[in-house]
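J.: Can you read through this structure? Questions will come right after.
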Amino acid sequence: MSIFTKYPYIVIEGPIGSGKTTLAQILADKFPVDYLSEKAEANPFLPRFYQDAQRYGLPTQLFFLFQRANQVKDLAQRDMFAKPVIADFFLEKDPIFARLNLDDEEYALYHQIYQHLHLKASKPDLVIYLQTPIDALVARIDERSVSYERDIPREYLERLANAYSEFFHNYDASPVLIVNNEKLNILKSEAALDLLLTRIMQIQGQREFFNPNFE
C-alpha cells in the first residue's frame, strides 16, 4: 500500500525555501498521481514585490488568490475515481501571506474579495508541514539562485516562518505531519525519502511530529 492509498489528497506546505515544491515534485515523479503546483513564477508581480513590498503587496496577493481559486475549483470538480493528488499549496494558507503583506485597508479589501469568491476547497487527507529553521531557509534560497528571491529580507522570512508555525498550531481541519526539515535532505538521500514515506504510513493521530536526523 502506498501513501496515496491511505491519503489520496496530500498537501505539502511550508515557507519559502522549505522545499515543499521539491518534495511534491519528487512524490509526483515516484507515484501515479496528479501534481497540483501553485507556479509562483507565473505571478508577474512577485519579483517587484520583493523589491517594494508596500507597493506591490496587494496585486501580488490578488494574483495568487485568483490563481489558487481556479486551481481549487478544478480540484473540487474532479471525478471521485480520478488519480490521487499531490499539491505544494492549499488555499487556507493564502490569508497567511495576506495578513503579513497588506496593511489594514488592503487586507479588508482582500478579505471582501476572498469572501465574495465563496471558495470551497477540498479538504486534504493529509497536510505535511515542513518546519524549517531560518538559517536553513536562507541557505536553500541562496542555493537555488532564483534572481528575484535574492531580495527577500531575512526579517521577512522570520515573520513568515512564525506565521506558518502559528497557523499550523491551530489548524485541525485535516491530519497534519509536522516535519523538522532542517536535516531532511531528500535531494541527496534516497534513505531520507524512504524514512519520510515510512513515517507517513505510521501516522495514527490528527497531529504528529517527525524529527529525522539526516544530513
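The values are calculated or read from the model by the stated rules, or taken from the named source; none is laboratory data. Every value quoted in this text rests on a predicted model; they were computed, and no experiment measured them. Ideal geometry is used to build each Cβ from the backbone, glycine not excepted, and the neighbour counts take in all protein chains shown.
J.: Any residue at all in the stretch 22-43 that is crowded, with 17+ Cβ neighbours inside 10 Å, part of a helix (DSSP H, G or I) and hydroxyl-bearing (Ser, Thr, Tyr)?
T.: no
J.: Could you figure out which of (1) within 19 Å of the chain's Cα centre (by Cα); (2) in a helix (DSSP H, G or I); (3) surrounded by fewer than 20 Cβ atoms within 10 Å (Cβ to Cβ) isn't true of His111?
T.: So His111 meets the others, but not (1).
J.: Can you tell me which of (1) modelled with pLDDT of 90 or more; (2) aromatic (Phe, Trp, Tyr); (3) surrounded by 19 or more Cβ atoms within 10 Å (Cβ to Cβ) is the one Phe63 doesn't meet?
T.: Unmet for Phe63, out of (1) modelled with pLDDT of 90 or more; (2) aromatic (Phe, Trp, Tyr); (3) surrounded by 19 or more Cβ atoms within 10 Å (Cβ to Cβ): (3).
J.: Kindly indicate whether any position in the stretch 92-103 is outside any strand (DSSP E or B), at pLDDT below 95 and in contact with a Pro (Cβ under 8 Å, 6 or more places away or on another chain).
T.: No, because not a single residue in the stretch 92-103 is outside any strand (DSSP E or B), at pLDDT below 95 and in contact with a Pro (Cβ under 8 Å, 6 or more places away or on another chain).
J.: Assess whether Leu75 counts as being outside any loop (DSSP other than H, G, I, E, B) and at pLDDT 90 or above.
T.: Taking the combined requirement at face value, the residue does not satisfy it.
J.: A further question on this structure: Taking the stretch 115-134, which residues are at pLDDT 90 or above and surrounded by 16 or more Cβ atoms within 10 Å (Cβ to Cβ)? Spell out how you get there, then give the answer.
T.: Our first condition is that a residue be at pLDDT 90 or above; within the stretch 115-134, this holds for 124-134.
Across the stretch 115-134, the qualifying residues are Pro124, Asp125, Leu126, Val127, Ile128, Tyr129, Leu130, Gln131, Thr132, Ile134.
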